[in-house]
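Since the structure comes first, as structure tokens, the remarks are kept for the end.
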Amino acid sequence: MKSFAVIGICIYFLCTSFLYSQNLDQFFQWVNTGEIDKVREELPRLLESYPNNPGVMFLDAITTERAEEAIITYRKILQNHPHSEYADDSIMKIGEYFFARGLYSQASRLMLRIPKVYPRSEHLQRAIDLHVNSLLAIGEKDSLDFYLQVYKKRFSNLDLNYNFESEKPLTSRPLKPVTTEGMKLKPASVKPVSATKSRKTSVITKSSQPSSGIKEKSSGPKPFVIQVGAYGSPENAIRQKMLLEQRGYDIHLGKIKSRGKTLTVIQVVRYATKSEAEKVAKKLKSEFGYNYLILNRPE
């Protein structure tokens with residue numbers, strides 16, 4: 001019996017070592033190219049073998065259709081794997097969701113965690129941008145002044161020269177290439193939970209490429225737009241516009257009348273077919289929880 005037990009243990013460790021050596025690159029590449037169904041087919045196997053692996057959990061979250069369910073998974077990563085290379089990504093996902101929903105106090109608290117806990121994160125510039133914008137939205141001027149002084153002393157290599165006199169106080173900067181779900185490519189292997197990866201701070205520059213989530217340019221008419229919000233406050237509409245533009249989307253702000261009030265609408269533009277617009281709209285719903293309308297608005 002002991003020999004069988006020893007053989008079983010050896011087989012287990014051999015299989016475990018083999019599975020640990022598997023790389024998640026291919027799965028994130030599929031996400032990047034929009035082949036999410038392939039990832040979803042493989043996820044049950046990965047989740048069964050590695051239910052608590054932060055990389056697998058993150059892969060599950062970014063391919064989840066319902067934003068609320070994805071948020072639960074991101075929170076589990078933060079709670080159970082705060083030192084994982086996916087922790088700062090999870091913070092950004094939750095924070096951007098809160099910001100997009102207008103929950104600026106919650107977004108502010110989350111964005112603050114990046115410079116405090118993960119100062120080498122590649123999301124550092126964007127996290128500070130959204131932290132500043134969230135504090136502006138809730139009128140926390142004293143806190144804003146305090147944190148800006150801290151950030152300028154600590155992160156002198158970042159762009160923190162905000163123009164608070166304009167209607168767009170934050171620097172509008174594109175992000176580095178991200179996947180269709182708004183996630184950077186992670187060349188990370190499936191590793192034991194204790195394994196971590198060293199990080200280097202990346203300063204986002206004007207020359208960075210936009211997200212691959214935006215539509216490709218093509219000739220011909222593009223009459224379809226995606227309406228993702230209508231705001232009574234133009235400032236809130238501008239904040240949402242900036243958030244989406246930073247993710248690489250082409251945004252148009254318009255005005256409509258509703259029950260005697262003038263609302264500012266946000267539209268993601270433009271798409272040649274309704275199915276093309278619907279595909280992007282579903283990504284926006286998954287990423288930010290936006291309700292949307294597909295409108296036929298010829299140019």
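Just one of Leu110, Leu130, Leu46, Leu59 is more than 17 Å from the chain's Cα centre (by Cα), among the aliphatic types (A, V, I, L, M) and assigned to a helix (DSSP H, G or I); which is it?
Values: Leu110 fails: more than 17 Å from the chain's Cα centre (by Cα); Leu130 fails: more than 17 Å from the chain's Cα centre (by Cα); Leu59 fails: more than 17 Å from the chain's Cα centre (by Cα).
Exactly one residue qualifies, and that residue is Leu46.
Here is a check on your reading of the model: is His83 assigned to a loop (DSSP other than H, G, I, E, B), of a type outside the set (Ser, Thr, Tyr) and closer than 29 Å to Arg66 by Cβ?
The answer is yes for His83.
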Practice problem: Could you tell me whether the stretch 269-288 includes any residue that is assigned to a strand (DSSP E or B) and surrounded by fewer than 14 Cβ atoms within 10 Å (Cβ to Cβ)? | Solution: no
Quiz item: Considering the stretch 234-243 alone, what residues qualify as being surrounded by fewer than 18 Cβ atoms within 10 Å (Cβ to Cβ) and closer than 15 Å to Ser134 by Cβ?
Solution: Glu235, Asn236
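Can you spot a residue in the stretch 147-155 that is of a type in the set (Phe, Trp, Tyr) and either free of Cβ contacts under 8 Å to residues at least 40 places away in the same chain or under 15 Å from Gly95 (Cα atoms) (or both)? If you could, list the steps in order and put the result at the bottom.
Going through the stretch 147-155, the residues of a type in the set (Phe, Trp, Tyr) turn out to be 147, 151, 155.
So of that shortlist, the ones also either free of Cβ contacts under 8 Å to residues at least 40 places away in the same chain or under 15 Å from Gly95 (Cα atoms) (or both) come out as 147, 151.
Checking the stretch 147-155: at least one residue is of a type in the set (Phe, Trp, Tyr) and either free of Cβ contacts under 8 Å to residues at least 40 places away in the same chain or under 15 Å from Gly95 (Cα atoms) (or both).
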Quiz item: Is one or more of the residues making up the stretch 269-291 without any contact (Cβ under 8 Å) to a residue 40 or more places away in the chain and more than 25 Å from Ala61 (Cβ to Cβ)?
Solution: yes
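Values quoted throughout were computed directly from the atomic coordinates according to the rules given, and no laboratory measurement underlies them. Only a predicted model underlies this, so the values are computations on that prediction, with no experimental measurement involved. Cβ coordinates were reconstructed from backbone atoms using ideal geometry, including for glycine residues, and neighbour counts include every protein chain displayed.
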